[in-house]
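Enquirer: Sharing a structure with you now.
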Amino acid sequence: MTIGTMSEPNLTLEWPDEAATVAWGRRLGSLLFPGAVVALVGPLGAGKTTLVRAIAEGLGIADPRWVTSPTFVLLQHYPARLMIHHCDAYRLLSPQELWDIGIDEYLYGDGVCLIEWADKVRDVLPSEHLWVELAPLSTGGRTAQMVAYGSRYAAMLHQLSA
């Protein structure tokens with residue numbers, strides 16, 4: 001899938017192992033702001049939940065073991081510096097189902113909304129968000145292609161690339 005256009009700031013990284021993914025996720029979490037939305041996409045096993053757990057650590061979650069894939073419950077909430085709303089759209093049949101569970105309260109609230117399988121619900125994402133597309137590597141690492149939609153996300157990507 002091609003993401004973004006030439007006009008959106010983007011960043012592509014290769015993480016050699018899970019430790020690098022976790023370190024980057026913690027950095028990202030430390031930079032997130034009230035109302036931030038991070039859209040995560042990639043195949044099964046790409047590291048979406050691992051990245052969410054690391055972001056939660058960067059946000060100061062008391063126990064990162066609380067973060068599990070919400071595939072069957074669709075939405076989980078974790079207290080941290082900012083309330084974390086963790087959604088998994090894998091089982092949804094349409095973006096409308098996301099609205100039916102009240103996602104608008106979280107997409108436009110004061111917490112942080114982290115959405116796995118966001119490609120399934122792209123039409124309901126706010127116009128400003130961070131798109132993170134993960135792909136596993138045969139070496140055990142992964143690549144991450146990120147696109148910043150909006151100036152706050154562009155500034156965040158700039159900080160993360162420094």
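The values are calculated or read from the model by the stated rules, or taken from the named source; none is laboratory data. Computed from a prediction, not measured in an experiment: that's the story for all the values here. Glycine also receives a Cβ, built like all others from the backbone with ideal geometry; neighbour counts cover every protein chain displayed. Protein only, heavy atoms only, side chains kept; ligands, DNA and RNA dropped before computing areas. Shrake-Rupley method; radii C 1.70, N 1.55, O 1.52, S 1.80 Å.
Enquirer: With a point put 7 Å past each Cα toward its Cβ, work out how far Trp99 is from Ser151 in nm, to one decimal.
Expert: 3.0 nm
Enquirer: Let me know the charge dipole size of the chain about its Cα centre in debye, to the nearest 20, where only the beta-carbon of Lys, Arg (+1) and Asp, Glu (-1) is charged.
Expert: 340 debye
Enquirer: Evaluate the charge dipole of the range 113-162 about its Cα centre and quote only its size in Debye, nearest 20, assuming +1 on the Cβ of each Lys and Arg and -1 on the Cβ of each Asp and Glu.
Expert: For this selection, approximately 100 debye.
Enquirer: When the accessible area of the range 1-141 is computed with all protein chains present and a 1.4 Å probe, what percentage of it is carbon and sulfur?
Expert: 54 percent
Enquirer: Using Cα-Cα distances under 8 Å and only pairs 6 or more residues apart, what relative contact order does the range 13-105 have, in percent?
Expert: 22 percent
Enquirer: Report, in whole Å, the centroid distance computed from the Cα atoms of the range 131-145 and the range 24-73.
Expert: Cα centroid to Cα centroid, the span is 15 Å.
Enquirer: Something else about it: Can you say what percent of the DSSP beta bridges in the range 1-160, counting only those with both residues inside, are antiparallel? Round to 5.
Expert: For the range 1-160, the DSSP antiparallel bridge percentage is about 60.
Enquirer: Go through the range 12-20 residue by residue and turn each phi into a ³J(HN,Hα) via Karplus (6.51, -1.76, 1.60, θ = phi - 60°); whole Hz please, and just put x for glycine and proline.
Expert: 10, 10, 10, 9, x, 7, 5, 4, 5
Enquirer: Packing-wise, with mean Cβ within 10 Å as the measure, how do 15-22, 79-86, 60-67 rank, highest first?
Expert: Most protected by this proxy first, the peptides run 79-86, 15-22, 60-67.
Enquirer: Can I ask one more? Mind checking which of Leu74, Ser94, Ala155 is farthest towards the positive end of the chain's charge dipole, using Cβ charges of +1 (Lys, Arg) and -1 (Asp, Glu) about the Cα centre?
Expert: Toward the positive end, the furthest listed residue is Ala155.
Enquirer: What's the extension gain from Phe33 to Ala135 if we count 0.36 nm per residue and subtract their Cα-Cα distance?
Expert: 34.1 nm
Enquirer: Per DSSP H run of n ≥ 4, the term is -39500 (n - 2.57); total these for the chain, divide by its residue number, and report the mean residue ellipticity at 222 nm rounded to 500 deg cm²/dmol.
Expert: Result for the chain, helices only: -8000 deg cm²/dmol.
Enquirer: Of the listed values (i) 21, 18, 17; (ii) 30, 18, 14; (iii) 24, 17, 16, identify the label whose number matches semi-axes √(5λ) of the Cα gyration tensor in Å calculated from this model.
Expert: For semi-axes √(5λ) of the Cα gyration tensor in Å, the calculated option is (i).
Enquirer: Relative contact order, percent, of the chain when contacts are C-alpha pairs under 8 Å separated by at least 6 residues?
Expert: Relative contact order for the chain comes out at 33 percent.
Enquirer: Mean separation of Cα pairs under 8 Å and 6+ residues apart, divided by the residue count of the range 99-162: what relative contact order is that in percent?
Expert: 22 percent
Enquirer: Residue farthest toward the positive end of the dipole of the range 74-127, with Cβ of Lys/Arg at +1 and Asp/Glu at -1: which of Ile103, Ile84, Pro126?
Expert: Ile84
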